[in-house]
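**Q** Shown below is the structure under consideration.
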Amino acid sequence: MRRLWGSAVLALCALVSACDVASGGGGSSTDGLLKPTARPGVTARAEALGVGSVDGFTVSTPAGNRKVQVTRNACAPLAYALSGTAVGKPASTVVREASGEGAVVTVVLAEYASGQAQSAMDAIGTALDECGDGFTATVDGEERTAGKIAPELAPEGADQAMALAATVEGPPGGKTPTKAVILRSGDTVAYLSGTPSIPTAVLDAQLVKLSS
């Protein structure tokens, strides 16, 4: 697996997120572990999904922080987007989980300082260019391998939007279709990650709240 070294790691960390670097004893090699630093539970300005806001779906607030680690740093923003985790250092986040119609969707609403939301979107686009053929990440301690990540038609109604699809393999060897939609309105970004899909009702409900 390709590794990033020295200044390249630091430059990416400055753009994307906090970075922990583990070094081998007696050697100069490093493995960069990019970790999200958002603070869940702090209210963002835009409105997040709430109980009863999507007909036919159960909306809840998940406990704890999702931990995503990669050893190929260039892929970190893409790993975050596909796993339902905010990219970079948002000032505040709200996390929701919506389940229904056979799908489970994680929604993260992240409020950024001026200009940083655009930087987060750019980082995901760059990661797609670098890692679109696939990558491996560890999510909550479980190794997962994403196959080819395919861009899909993004929804309208936000300042900027992108949609992604991939097949993710994880323990005990099963393969799961995974979708991600990332929406930006001003300095707020909504990250939606769903398996095996993101139902239109959930997407539309969050898009309306993001744009209102």
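Each value in this text was obtained by applying a stated rule to the coordinates, not by laboratory testing. Every value quoted in this text rests on a predicted model; they were computed, and no experiment measured them. Reconstructed Cβ throughout: ideal geometry from the backbone, glycine too, with neighbour counts over all protein chains shown.
**Q** If packing is taken as the average count of other Cβ atoms within 10 Å, what order do 149-156, 160-167 fall into, highest mean first?
**A** Per-residue mean Cβ counts within 10 Å order the peptides as 160-167, 149-156.
**Q** How about the range 140-185: which trypsin sites (Lys or Arg not before Pro) there lie in a loop by DSSP and see at most 15 other Cβ atoms within 10 Å?
**A** LYS148
**Q** Hey, which of these cross-link pairs are over 28 Å Cα-Cα: LYS175/LYS209; LYS67/LYS175; LYS148/LYS209?
**A** Cα-Cα > 28 Å for LYS175/LYS209; LYS148/LYS209; rest within.
**Q** I'd like to compare 188-197, 58-67: which one has the highest average count of other Cβ atoms within 10 Å, and what's the full order after that?
**A** 188-197, 58-67
**Q** Residues with amide H under 5 Å of ALA91's amide H, sequence separation 5 or more or different chain, H placed in the peptide plane at 1.01 Å from N; which?
**A** GLU111, TYR112, ALA113
**Q** Let me ask you something else. Could you work out the mean projected area of the convex hull around the alpha carbons of the range 74-212, in square nanometres to one decimal?
**A** With every direction weighted equally, the projected area is 7.8 nm².
**Q** At R0 = 30 Å, how high is the FRET efficiency between GLU97 and THR200 if r is their beta carbon distance? Nearest 0.05 is fine.
**A** With R0 = 30 Å, the Cβ-Cβ based efficiency is 0.95.
**Q** Follow-up. What list of ³J(HN,Hα) couplings, whole Hz, do you get for the range 119-134 from phi and the Karplus terms 6.51, -1.76, 1.60, once you set θ to phi - 60° and write x for glycine and proline?
**A** Taking θ as phi minus 60°, the curve returns 4, 5, 5, 4, 5, 5, x, 5, 5, 5, 4, 7, 10, x, 7, x Hz for the range 119-134.
**Q** Work out, step by step, the length gained on full extension between ALA113 and LYS175: first 0.36 nm times the residue separation, then minus their alpha carbon distance; give nm to one decimal.
**A** 18.6 nm
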